[in-house]
Every structure is written in structure tokens, then in C-alpha cells.
1. Residue A:45 is checked against (1) β-branched (Val, Ile, Thr); (2) without any contact (Cβ under 8 Å) to a residue 24 or more places away in the chain; (3) away from chain B (no Cβ under 14 Å) and fails just one. What number does that condition carry?
2. Can you report the number of residues in segment A:272-304 which are facing chain B (nearest Cβ under 10 Å) and open to solvent by less than 30 Å² (accessible area, probe 1.4 Å)?
3. Going by the structure shown, is residue A:60 under 30 Å from residue A:241 (Cβ atoms), more than 14 Å from chain B (Cβ to nearest Cβ) and open to solvent by 50 Å² or more (accessible area, probe 1.4 Å)?
4. Name the residue, out of B:272, B:198, that is part of a loop (DSSP other than H, G, I, E, B) and open to solvent by 10 Å² or more (accessible area, probe 1.4 Å).
5. Every residue in segment A:305-341 that is of a type in the set (Gly, Ala, Ser) and either buried (at least 22 other Cβ atoms within 10 Å of the Cβ) or not in a helix (DSSP H, G or I) (or both), please.
6. Residues that are under 25 Å from residue A:307 (Cβ atoms), at least 1 per element: which strands (runs of 3 or more DSSP E) completely within segment A:47-163 meet that?
7. Give the residue that is surrounded by the most Cβ atoms within 10 Å (Cβ to Cβ), with candidates limited to residues of segment B:36-72 that are of a type outside the set (S, T, N, Q) and at pLDDT below 95.
Amino acid sequence: MEELLIAYSNLNDFISQLMGEYNVIGPVRKENKFAFEPLESPSDIVIDYQTTILPPSKWIYLNNEALLEFNLHDIKKTKAIVNSKRQVILFAHPCDINGINVMDQILGEAPADLNYLKRRKETVIIGYECLKPCGEKNLCFDKDYHKAAGGFDLLFTDIGKSFYVHVATQVGKEIVSYSSFFKKVSYNDRNDLFNVRIEGAKEFKRVLSGNVDMLSHHLKDSYDDMIWDVMGKKCVSCGACNIVCPTCYCFDVVDEVNMDMDTGCRHRRWDACQLNDFSKVASGENFRRTAAERVRHRVFKKEVYLKKRFGRSGCVGCGRCIYSCIAKISILDIFNQVMVG
Amino acid sequence: MSDFLPKTAAITKLKTLTDKEKLFTITLDNGDSLDHKPGQFVMVSLSGVGEAPISISSSPLRGNNSFDLCVRFVGNLTNKMHKLSVNDRIGIRGPYGNGFPLDRIYGKDIIFIAGGLGIAPLRSLIQHVLKKREEYGRVTILYGAKRPQDILFSEEVYTWVEDDSIEMHITVDVADSSWNRHVGVLPHLFKFTSIDPLNSVAVIVGPPVMYRFVIMEALTNGIFESNIFMSLERRMRCGLGKCGHCQINGVYVCQDGPVFSYKNAKKLKEAL
């Protein structure tokens, strides 16, 4: 990878340059929380943010994504829609970069999802290396998802006064070469990177008991455990955990007719396996009738099924589901319970 | 090309089967055959309403490039279909799913077990087997319906009763005065047939509640777990292994099913 440097003082100008070419989506303050939003000005961003409300993957896997345009009176006028716009996701944390990578694998599996893949291709990912955890309950460190080995175009690391920039892809290379703010790194800069990483590593603490590689195995053994009933009793099936998760992608397909009563659109809408009706069929049968079964399914899908199918866990350890749960259910507590049981 | 874009098709024939089921014969507009396998399903699309998964109810060997869908009116899309007529156009996506394992049943004695609407997807395989009757051993069909008026494809079913190359038993849960055949639940039909476990496969389709009892009978009669095939239903939204609605534990019904051997299905704790 090519390695370059950009001074703090040049960052805003660089972002302005990007905004001239792309829709730039970056971390901004939202009252006392943070969110990824399209930037109106470079100074909107908060570089040193904690986990955002929604992950940046939601800007690639959109809600209410149009799939088809149709005409109610002429079936031949049905047209597929595969739309996207060039965009930059600026300063995604490694956990979220890893989340996007997992989504790439899932939605790239044949038959691949064209809508996601087209937008993904037109999305530039500029990552921001974490030198401290975002919160106490994040399990990114245990899952080794606090680092991103790839899946980004550029990765910025704060080494004090400047950012050390790793250039991973051709797209990343084109961006930095069109900008005059980047210069080659020196021996001292490399030293500074090494040092901030050493210091940064000390900040992260393990929160998971036992060996994370055994987690899937322990979960499988706990399929009939009481823990699911306990969690099920607490759960109110609101679906918040699904909505905030970087690797949740289940969807419903909905037709909407326009006011002209002639044309309309079929679009997909984020769905949530925690909702009561998710597994209901027209005859009234519900294949996951209880909250306990639904909670168990979500945890198994992230840690067991996705791992089996794609070789990696779908839970990136970002902690969003823990912070959003109205019933205070924590996937970290569930993991720790099955690991010791 | 987006996998969400349906092929356009027309309803070329329409037959009322019962008070809540109709048989639609569909032909694709471009004249192509659907090229499906027995046991697969399609996503039927109605613009402005949505889509629903419907099993294909006819054999691909039938010829004339049309296929049948037996539809029970029970939800938004199926109720809208009820109001359609011959020559109306619909959208079709598919065929999806793995279909029945023809290589596993080739040359064997086949016991078809149909519970209620389960006869609809099984009909695609029954027609397929009867078209090449000499390639199979004994053919036994056990069919259970709620009442005599709920029997689907009744004309065709009674030709199977009359067919000497088929052993057919029908039962209803509740009879009326015109009914002179078996009365009682489907599993008890096993009493009226004999099974050679070493050469038999069972193909079972019906409502979730029926599977346990029928599979128990099949196992009691010695049929191997890997020779019992069942079709599981879910409410797919995409048919492409993406929307998550058809997921049963770690498998997608639309990709890894809907047909599963009992040997594999019994590992899926959420299956029934």
C-alpha cells in the first residue's frame, strides 16, 4: 500500500475538494450522539466521534430502495431500477468497514444483488483508524474487528499534527493524486505511526470471556438453553437492534401506487426479524411465534449461520444493538453467559 | 438485468376447483417454456399489489409451454388473483428452489402423501412420474382433505383412482352422505397399503401440523430418513436468498429448499 501524509490544516480543504466531486457522507454531531449524514460543509464533521446511531452501511444498503417502476394498466411498461450516485463515506471506523465487507459478501452471493453492488461500486470508503474504544460495551477488540486489513480505499490514522494515510485501491490512488495536499511519509512519520498504535493498543480491553473462536461452538450447544426464554421475556420485539446493525439486511417488498392511479413503484423496505409478524404466513401460522425464538435467531444468524456460510461473524462488535435496546438486552451478556455455561 | 424484474405472462385458462381454490394456467408472453422442475415455485407479481410465492402444479413434460398454479385465496395477492380472468396479464419470476430430487426417486417405489393443498405441488411430480411410468416401481398416492368438496383436481384425482398402475387412497376428515371412501386423518391411510422399505421413497407435502404424524408412519414402515422428502413453505419476498423471510435456522427455503430430505430437515429445529 502506498503511504502518504496530510497535515491537519489541510484536511478541510481536502474534504471541500471531495465535496466538489462526490456526495460526501461523514460523521456529524446529532444532539448528544453522532450520525453519518451528507456534509454541507467540511467543518460539520466530528473526527473524534463515538459509535454513530446508524452505521454507514445504511448509506449503501438504502431503505425504500426502488426496484421497479410499473404502470397499473400496461404490464409491458414495467422497468427495473438500479440507481446510484457517486459518494464518499468519510471516516468510517474499522468495525463499520468490516460490516460493509460482510454485507459485500452476503449480497454478492449468487444471485447477487445488483442494486447494492452498483451503489457499493460507486462508494468510496475513507476509513479512520481507532486508537481507543468507543465505549465500554463494544466487543470489536475481542472480535478483532477494531482493525481493518482492507475493504477501504483510504485509511487515515491520527499521528498528531498530521494524518498518516494508507492508500489501498486504485480509486484511493486517483483521489490522492488529484489533490495537492498529500506528501510522502518520512522515517519519522513511520515511527510516529508505530508509536500511536502501540499506545492505542493499550486502550482496548477484552470484554468477552473465553476464546472468541469458540463462541459459535458454545452457542450451538446452548440452542435449548433457558437464556433465550429469559431474554424473550424482556424483549418487546421493537426491532431496534435490527435497524442499527451494520450487517442486518432482511427486507420486505412493497408496492406503492402514485396519486395518478396509473403509475407506481415497487421498493424494498428494511425489515426486522425481531418483529412479531416477520415469520408469519397468510394462513396465520407464525414460524417464530415467541420473542425467545426471535432473539435466539438473531444471535444465531450473526454468530453461527453467517459464520458457517461466509467464514466470518456478522457481529462486528460495534455495540449499537446494546445501546439501542429498550429492554436493555445485551448481546455481550448473552455471549458471556453461553461461554461460561 | 435485475432479478426483481418479472417476465410478463398471461392467464390462458382458469378453472374453479373449490370454494377457495382456483387453477390458473399461465403462458409466458415471449412463448418460452418456464423450464421448471417439479417442486419448484414462482413469485407471482401483480403491479400495485405485490408478489407471493406459489408452487408450480404441473409437470414440465406437459408440453405447450404452459404451467399451472393452484391458488388458495388467503392473503392480499391471492385474493386479488381471484378477481382475474382469462387473458389478464401477470408477472412471473422464477422458477426458484431446488425441486424434487428426480435422481433419488428414479426406479423406486414412490409413496406420494398429500395433505390438503399439498396435492398442488405434488401434482407436478405425480404427472411427471406418470408420463414416464415405466421408469418407476410401484406408485402409491395417499391424499387427505378436510371434506369431500375440498378435494382438488377431483376429475384428475379420480382418474388416478381408476388407473390400475396406481394404488390410490383418499380420506376426508369429515364426510357427507355422498362419500363412500375412507374417513379419518391422513396418517391412518398407511394401514391400507404395504411398503417395501428397501426400495421405497416417500414424498410428503402438506400443512406443518401434518408432517410429524406422517413422517412417524413412514419411519415406522421402515423407510430410510434419507428417502423421505418433504417440501417446506415460507413467505418469501425475494426468492433470491436475500430477504431473510424464508430462513429456517441456517438454510434458505428458496435456495436450499423447498424440498428437503427428512434426514436434513430433522436438523432444522425451526422447520415445523
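1. With (1) β-branched (Val, Ile, Thr); (2) without any contact (Cβ under 8 Å) to a residue 24 or more places away in the chain; (3) away from chain B (no Cβ under 14 Å) applied to residue A:45, the lone miss is (2).
2. Residues in segment A:272-304 being facing chain B (nearest Cβ under 10 Å) and open to solvent by less than 30 Å² (accessible area, probe 1.4 Å): 11 in total.
3. On the way: under 30 Å from residue A:241 (Cβ atoms): yes; more than 14 Å from chain B (Cβ to nearest Cβ): yes; open to solvent by 50 Å² or more (accessible area, probe 1.4 Å): no.
So residue A:60 fails the test.
4. Numbers: B:198 fails: part of a loop (DSSP other than H, G, I, E, B).
Only one candidate qualifies: B:272.
5. So the first thing to find is which residues in segment A:305-341 are of a type in the set (Gly, Ala, Ser), and the list is A:311, A:313-314, A:317, A:319, A:324, A:327, A:330, A:341.
A:311, A:313, A:314, A:317, A:319, A:327, A:330, A:341, listed by residue number.
6. Details: elements: A:65-71, A:87-92, A:123-128, A:154-160.
Here the list reads A:87-92, A:123-128.
7. Step one: list which residues in segment B:36-72 are of a type outside the set (S, T, N, Q), which gives B:36-39, B:41-44, B:46, B:48-54, B:56, B:60-63, B:67-72.
Subset that is at pLDDT below 95: B:60-63.
Working: B:60: 21, B:61: 12, B:62: 16, B:63: 9.
Looking at the filtered set, the residue picked out is B:60.
Every residue, every condition in (1) at pLDDT 95 or above; (2) within 14 Å of chain A (Cβ to nearest Cβ); (3) in contact with a Ser or Thr (Cβ under 7 Å, 6 or more places away or on another chain); (4) within 27 Å of residue B:227 (Cα to Cα), yes or no:
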site: B:152; (1), (2), (3), (4): yes, no, yes, yes
site: B:157; (1), (2), (3), (4): yes, no, no, yes
site: B:168; (1), (2), (3), (4): yes, no, no, yes
site: B:194; (1), (2), (3), (4): no, no, no, yes
site: B:197; (1), (2), (3), (4): no, no, no, yes
site: B:200; (1), (2), (3), (4): yes, no, no, yes
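The values are calculated or read from the model by the stated rules, or taken from the named source; none is laboratory data. This structure is a prediction, so every number in the text was calculated from the model and none was measured. Methodologically, a virtual Cβ is constructed for each residue, glycine included, from the backbone with ideal geometry; neighbour enumeration extends over all protein chains shown. Areas reflect the complete protein model, heavy atoms only, side chains present, ligands, DNA and RNA absent. Shrake-Rupley method; radii C 1.70, N 1.55, O 1.52, S 1.80 Å.
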